[in-house]
1. Can you pull out the residues in the stretch 28-54 that are closer than 16 Å to residue 70 by Cβ and either modelled with pLDDT under 95 or out of contact with any helix residue (DSSP H, G or I) (no Cβ under 8 Å at 6 or more places or on another chain) (or both)?
2. What number of residues within the stretch 23-63 are assigned to a strand (DSSP E or B) and over 24 Å from residue 90 (Cα atoms)?
3. Of the residues 91, 119, only one is assigned to a loop (DSSP other than H, G, I, E, B) and either surrounded by fewer than 21 Cβ atoms within 10 Å (Cβ to Cβ) or touching a helix residue (DSSP H, G or I) at 6+ places or on another chain (Cβ under 7 Å) (or both); which?
4. Going by the structure shown, is residue 113 touching a strand residue (DSSP E or B) at 6+ places or on another chain (Cβ under 7 Å) and exposed (fewer than 11 other Cβ atoms within 10 Å of the Cβ)?
5. Taking the stretch 28-62 on its own, how many of its residues are within 16 Å of residue 108 (Cα to Cα), surrounded by 17 or more Cβ atoms within 10 Å (Cβ to Cβ) and touching a strand residue (DSSP E or B) at 6+ places or on another chain (Cβ under 7 Å)?
6. Give all pairs with beta carbons closer than 6 Å in which a residue from the stretch 41-53 that is on the phi < 0 side of the Ramachandran plot and without any contact (Cβ under 8 Å) to a residue 12 or more places away in the chain meets a residue that is surrounded by 15 or more Cβ atoms within 10 Å (Cβ to Cβ) and outside any helix (DSSP H, G or I); count only pairs at least 6 apart in sequence or on separate chains.
7. Out of 124, 120, 83, which single residue is under 14 Å from the mean Cα position of the chain (by Cα) and under 22 Å from residue 20 (Cα atoms)?
8. Considering only residues that are touching a strand residue (DSSP E or B) at 6+ places or on another chain (Cβ under 6 Å) and either closer than 15 Å to residue 97 by Cα or not in a helix (DSSP H, G or I) (or both), which ones fall in the stretch 64-79?
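The values are calculated or read from the model by the stated rules, or taken from the named source; none is laboratory data. This is a predicted model, so every value here is computed, not measured. Positions of Cβ are backbone-derived with ideal geometry, glycine not excepted, and every protein chain shown enters the neighbour counts.
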């Protein structure tokens, strides 16, 4: 975008949080879908075991929110997603911490939606009725 054009930003963005058991990714876009900020747990910490930690998720969301505020975003819709499937039906441990950190940074949260994919039938998980016996 050239310097002569004014930004036609409405100040509203979309935050997509993917919180699995291994990592937390915060992706902020405008309403059209253009990426404004994308930060993951691996960019914040050097320890693989801490990427899904709520503390690291807080720093991930804080860094993404700072980039978004520079672009003029001040209100967001939040979509939270876990890994999905029968064995991981809920988002990981960093989801709540990331949402709290976004609100603490001054972004107004308009709506929170859980978009974790849920299986509709399909093959049954391995292990039998009572699980794997060791």
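1. Residues satisfying the conditions are 29, 30, 34, 35.
2. So in the stretch 23-63, the residues assigned to a strand (DSSP E or B) come out as 24-30, 35-40.
Still in the running and over 24 Å from residue 90 (Cα atoms): 30, 35-37.
Residues that pass the stated criteria total 4.
3. On inspection, the qualifying residue turns out to be 119.
4. Values: touching a strand residue (DSSP E or B) at 6+ places or on another chain (Cβ under 7 Å): yes; exposed (fewer than 11 other Cβ atoms within 10 Å of the Cβ): yes.
The answer is yes for residue 113.
5. Number satisfying all stated conditions: 4.
6. Nothing qualifies.
7. 83
8. 64, 71, 73, 75, 76, 77, 78, 79 - these are the residues of the stretch 64-79 that are touching a strand residue (DSSP E or B) at 6+ places or on another chain (Cβ under 6 Å) and either closer than 15 Å to residue 97 by Cα or not in a helix (DSSP H, G or I) (or both).
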